[in-house]
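Comments concern the structure below.
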Amino acid sequence: MKNLSILFSLILILVASSVLAQDFQGVATYRTQRKIDIKMDSTKMNDAMQTKMIEMMKKGFQKTYTLTFDKSSSLYRQEVELDKPQVGGEMMMSFGNSGNDVFYKNIKDKSYIDQKETMGKKFLIKDSIVSIDWKLESDTKHIGEYMCFKATYTKQVPKRKSISFSSNTNKKKESDDEKEEEEAIEMEDRIITAWYTPQIPVSNGPAKYQGLPGLILEIHDGKLTVICSQIVINPEEKIEINEPTKGKQVDQQEYDDIMDKKAKEMMERYAPRKGSKGEHVIISVGG
C-alpha cells in the first residue's frame, strides 16, 4: 500500500511537470497558530481580566503569512494585521516578530537569507539550507482541492521550559550565593509532520520547511501548526522575488548566539526575585 501511494505521488509529479515547462509562479497563504500555557499569579486582576488577557495573548500568536514562489526561489513574509493585540510587556515585544521580517530561500543554490528586526535592530542572516531527512509515509488527505501526502522526520529539541517574569519594579540585587546555577540543556526527540502535494511540484514550503517532492501545505512541529488556506497559481500580475538586503549580516550561529545572550539578560531583568511582590506571569511556549 505504501509503495502504491509513493508511485501515485510520482505519477502526479510527472503530470504536474508540464506546468514547470512554462513560466511558473504562485502565491500561498498560510495561517500559523502556537499553543501556549499561561498561568497568572496576580493580586491586581480578577478572573475576568485574567481571562481577557490570556485570550489576547493567544490571539497574538495567530499570524498570517504569504509565500510567493517560483521553480527555484521564494519569499515568506508576515501579513500586516493592524487589529492584532500588542500585549505581553516589553520582554514579549522585544523578542516578537516585527511584522517586517522576510525569509528568502533559493532551492537551487541551497541557501537562504532571513531578514529580521529584533529589539529594534535589523539582521540579515545568510546561511545554507539544511537538508531534512524526510520519511515519506503512505497516508494521504485532501487540503482544499489538492491531494496531499504525509512525510515525517525526527529532530532533537530542548525540553520545554517555562518563562516567568514579573511586573514588580522593586528589584533588589541578588548576592552571588542566591543566583541559581545554569542547568545543562536537556534534549528530547520531536517528530515533525508535513503534508505536501505533488500537484505543485516545487520542493518548497513555509519558513525553513522544504525538501519534499511537492509544495508543503501543512506543518505540525511541536506546538506550532502551519496550514495553507489559499493558493493562486500563475497570478495575472507577475511576481518579483528579490533577495532582502537590509540589516547587519551574520550567519545563523552568530544570530542565535546574540539572541541567547539577549534572552538571558532579559530573563535576569524580569525574573521574579525572592520575596518580591507583584504580578507574575508564567508562559510555557514549548517548540
* Kindly put Trp195, Trp134 in sequence by how many other C-beta atoms sit within 10 Å of each C-beta, fewest to most. => Trp134, Trp195
* Structure fact -> Residues meeting the amide H criterion for Asn234 (H placed from the backbone, H to H distance under 5 Å, 5 or more places apart or on another chain) are Gln25, Gly26, Val27
* ³J(HN,Hα), Karplus 6.51/-1.76/1.60, whole Hz, each residue of the stretch 64-71, x for Gly, Pro -> 10, 10, 10, 10, 9, 8, 10, 5
* **Phi-based couplings in Hz for the stretch 224-238 (Karplus 6.51, -1.76, 1.60; Gly and Pro marked x)** => 8, 10, 10, 10, 6, 10, 7, 9, 10, 9, 6, x, 4, 8, 4
* Hey, can you grab everything whose amide H is under 5 Å from the amide H of Glu137? Only 5+ residues off in sequence or another chain; H modelled, so Pro and N-termini drop out. => Lys150, Ala151, Thr152
* Each residue of the stretch 106-111 in turn: what ³J(HN,Hα) in whole Hz from Karplus with 6.51, -1.76, 1.60 and θ = phi - 60°, glycine and Pro shown as x? -> 10, 5, 5, 8, 6, 9
* Once you have all Cα-Cα distances for the stretch 189-243, histogram them in 10 Å bins from zero and send the whole-percent values. => 21, 48, 26, 5, 0
* In terms of modelled amide H atoms, which long-range or inter-chain residues lie less than 5 Å from the amide H of Gly205? -> Ile216
* Asked: Hey, which of these cross-link pairs are over 32 Å Cα-Cα: Lys59/Lys159; Lys122/Lys150; Lys135/Lys246?
  -> Lys122/Lys150; Lys135/Lys246
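Read-outs: derived from the displayed coordinates by stated rules, not from any lab. Keep in mind it's a predicted model, so treat the numbers as computed, not measured. Positions of Cβ are generated from backbone atoms using ideal geometry, with glycine treated the same way; all protein chains shown enter the neighbour counts.
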